Amino acid sequence: MELPLTLVNLAGSVALLLWGVHMVSTGVQRAFGAKLRSFLGNTLRNRLKAFLAGIGITAILQSSTATGLMVTGFAAGGLVDLTPALAAMLGANVGTTLIVQALSFDVAEVAPALILIGVLMFRRAAAGARDFGRVLIGLGLMLMALHQFVGLLRPYEDVPSLRMLLGAVSTQPLLDVIIAAGLTWAAHSSVAIVLVIMSFAVQGTVPPLAALALVLGANLGTAINPMLEGATGSDPAARRLPLGNLINRLVGVAVALAFLPAIGRWMVTVEPDPARLVADFHTAFNLVLALIFLPLLTPWAHLLRRLIPARIDPADPSRPLYLDPAAIETPIIALGGAAREALRLVDVLEAMLTGLRDTLENPNRRQIVETKRLDDLLDKLNTAIKAYLTSLDPEGLGEADHRRLREILTFSTNLEQAGDVVDRNLLGIATRMSKRGIIFPKPVQAELIKIVNRLIANARTTASLFMTGDERAARLLAAEKEAFRNIESAATDAHFEQLRSGRSDSAETSALHLDALRDLKSVNTHLVAAAAYPVLANSGELLSTRLRTDL
């Protein structure tokens, strides 16, 4: 029972190490994610700044995958050129080696202190300090996991069967690369796998040459996940960056593998400490790769564009464009994609209102049918946004992230409901009038068209407000609700005046006119609720009720 128990303990140590890496990454993203994303976007202008930004952000996040998702999102959206994006990925590969450098020293004694300070900050401090406490807890768990892993290996380092197995594996560097690449792909963390390799090397369980080959495999494996996850997207252009990064690393691994015996002998003489040997080789490999490829990125980006041209065929309008499945593990990026997708709902609703306006001007059954089909598009996009947001891990969301998630859900739900009003009610009125041969009088028709134009303007204001969160714009949009209420009241008074005058010939169109005004007011109410109310509620300017509270 001793060996199976030890294997369970080893697996538990690796799991604890992975969880520590996860806590560090999520803690930093909660505390600084938005600022880091903004900083990265501002630096993606030339390759040198992008390279340095990739190093810095990945050193903080300890996740080249998270940095890669940010850069991929910028590149896929056409916000940055492919050349600086590739440079940022080279920097990210270097940045992820820095924590390995730090942990290659004997710092296990500080683990309890890190965890103690982290727990105190997490339980007693404000939101920002809580996130930093999470980072400290993650670092402490990583150190404890490494210390425990080395301790568990020590009694078995001289077991003949284990020595024979590892000796056979270590004579095949290509096999070492494949094994480490597979483990890194499964673990989603090159940091964790390189630290495990370091532990094996410290105990002498694997010889130096095999340890270096395993490090090469870990560097290759970390580039596989973005490529596989990026393949789920439908736009081929989005795959250029992860494919370019994967090919860079494939070339680097192949060249390093060919010269590995000579490199290994030289590095062992320069750095006899196994832990430092692994960490230094890991960093040196990525630095040399960056120095080689940085001057070649412009022609390399041009070749990638030729190999993977952008999609030119018209896409299915109901297909989400920005709900990247690969970004789910990085909530701040996923929320940004969901917000961009939600803005498409405004475009669809505006197209519906434009179709309604055309129908009011020139009643046309074909126009009505085409406009009603747009509501199906609204429903599909809204469903996709909700499913995407509910798939996010609540533990990976900070307080601000939860608030933004609610805002996106409120926005998309209200726009979908506004589309339902246009589809079922307003276009239903147009259909009934077309079948009965009824038309609105010219003054009424002009008034309704004017109101629809006002709704289109309000829809655009809603989209702008959703992006900016400006309180002044929120108050202006909220004031539109009172304006529409006054329009409906004036039309109602006119309708009853017509009934009192005995003009029965216009009673039917007058009733339909009232129905249309009520429905147009309902659409406007949904627009106000979609964007204005959340902003006003956050600033404390929205009353909880309109009823008197002094009764």
- Across (1) of a type outside the set (A, V, I, L, M, F, W, C); (2) open to solvent by less than 40 Å² (accessible area, probe 1.4 Å); (3) out of contact with any Asp or Glu (no Cβ under 8 Å at 6 or more places or on another chain), GLY355 clears everything bar (3)
- Message: Of the conditions (1) open to solvent by 30 Å² or more (accessible area, probe 1.4 Å); (2) over 19 Å from LEU536 (Cβ atoms), LEU409 satisfies every one except a single condition; which number is it?
- Response: (2)
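Table: residues versus (1) touching a helix residue (DSSP H, G or I) at 6+ places or on another chain (Cβ under 8 Å); (2) open to solvent by less than 40 Å² (accessible area, probe 1.4 Å); (3) closer than 18 Å to LYS521 by Cα.
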site	(1), (2), (3)
ASN453	yes, no, yes
ALA457	no, no, yes
THR461	yes, no, yes
GLU471	yes, no, no
- Query: For the stretch 510-532, does any single residue satisfy the condition of being open to solvent by less than 60 Å² (accessible area, probe 1.4 Å), at pLDDT below 85 and assigned to a loop (DSSP other than H, G, I, E, B)?
  - Reply: no
- Item | Selection status of GLY428, of a type in the set (Gly, Ala, Ser) and closer than 23 Å to ARG366 by Cα | yes
- Item | Exclusive hit being in contact (Cβ under 8 Å) with a residue 40 or more places away in the chain and out of contact with any helix residue (DSSP H, G or I) (no Cβ under 8 Å at 6 or more places or on another chain), set ARG276, ARG265, ARG239 | ARG276
- With SER25, SER13 as the choices, which residue is under 17 Å from the mean Cα position of the chain (by Cα) and at pLDDT 65 or above? SER25
- Of the listed residues (LEU321, LEU343), the one being modelled with pLDDT under 90 and surrounded by fewer than 20 Cβ atoms within 10 Å (Cβ to Cβ) is LEU321
- In the stretch 264-288, residue most open to solvent (accessible area, probe 1.4 Å) [restricted to those that are of a type in the set (A, V, I, L, M, F, W, C) and farther than 25 Å from ALA87 by Cβ]: TRP266
- Task: Identify, by number, the condition in (1) within 16 Å of ASP324 (Cβ to Cβ); (2) under 14 Å from the mean Cα position of the chain (by Cα) that ASP401 doesn't meet.
- Result: (1)
- Could you figure out which of (1) open to solvent by 10 Å² or more (accessible area, probe 1.4 Å); (2) under 15 Å from SER412 (Cβ atoms) isn't true of ILE333? (2)
- Item | Subset of the stretch 34-65 (residues that are hydrophobic (A, V, I, L, M, F, W, C) and modelled with pLDDT of 65 or more) | LEU44, LEU48, ALA50, PHE51, LEU52, ALA53, ILE55, ILE57, ALA59, ILE60, LEU61
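Scan the stretch 121-131 and tell me whether some residue there is modelled with pLDDT of 80 or more and either assigned to a helix (DSSP H, G or I) or in contact with a strand residue (DSSP E or B) (Cβ under 8 Å, 6 or more places away or on another chain) (or both).
The initial filter retains those residues of the stretch 121-131 that are modelled with pLDDT of 80 or more, namely 121.
Retained after the next criterion (residues that are either assigned to a helix (DSSP H, G or I) or in contact with a strand residue (DSSP E or B) (Cβ under 8 Å, 6 or more places away or on another chain) (or both)): 121.
The answer is yes; a qualifying residue exists.
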- Message: One residue is enough: does the stretch 361-369 have a residue meeting the conditions hydrophobic (A, V, I, L, M, F, W, C), in contact (Cβ under 8 Å) with a residue 24 or more places away in the chain and open to solvent by 20 Å² or more (accessible area, probe 1.4 Å)?
- Response: no
- Item | the stretch 370-395 - residue that is under 30 Å from VAL24 (Cα atoms) and free of Cβ contacts under 8 Å to residues at least 60 places away in the same chain and, of those, surrounded by the most Cβ atoms within 10 Å (Cβ to Cβ) | LEU389
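List the helices (runs of 4 or more DSSP H) inside the stretch 151-245, counting only whole elements, that have at least 3 residues being modelled with pLDDT of 80 or more and either surrounded by 15 or more Cβ atoms within 10 Å (Cβ to Cβ) or not β-branched (Val, Ile, Thr) (or both).
Per the criteria, 173-187, 190-203, 208-221.
When you go through ILE429, ILE487, ILE438 one by one, which is the residue that is open to solvent by less than 80 Å² (accessible area, probe 1.4 Å) and within 23 Å of VAL348 (Cα to Cα)? Before you say what the answer is, go through the steps one by one.
Numbers: ILE487 fails: within 23 Å of VAL348 (Cα to Cα); ILE438 fails: within 23 Å of VAL348 (Cα to Cα).
Of the residues listed, the single one that is open to solvent by less than 80 Å² (accessible area, probe 1.4 Å) and within 23 Å of VAL348 (Cα to Cα) is ILE429.
The values are calculated or read from the model by the stated rules, or taken from the named source; none is laboratory data. This structure is a prediction, so every number in the text was calculated from the model and none was measured. Heads up, the Cβs are rebuilt from the backbone with ideal geometry, glycines too, and the neighbour counts pull from every protein chain shown. Heavy atoms of the whole protein, side chains included, go into the accessibility calculation; ligands, DNA and RNA do not. Shrake-Rupley method; radii C 1.70, N 1.55, O 1.52, S 1.80 Å.
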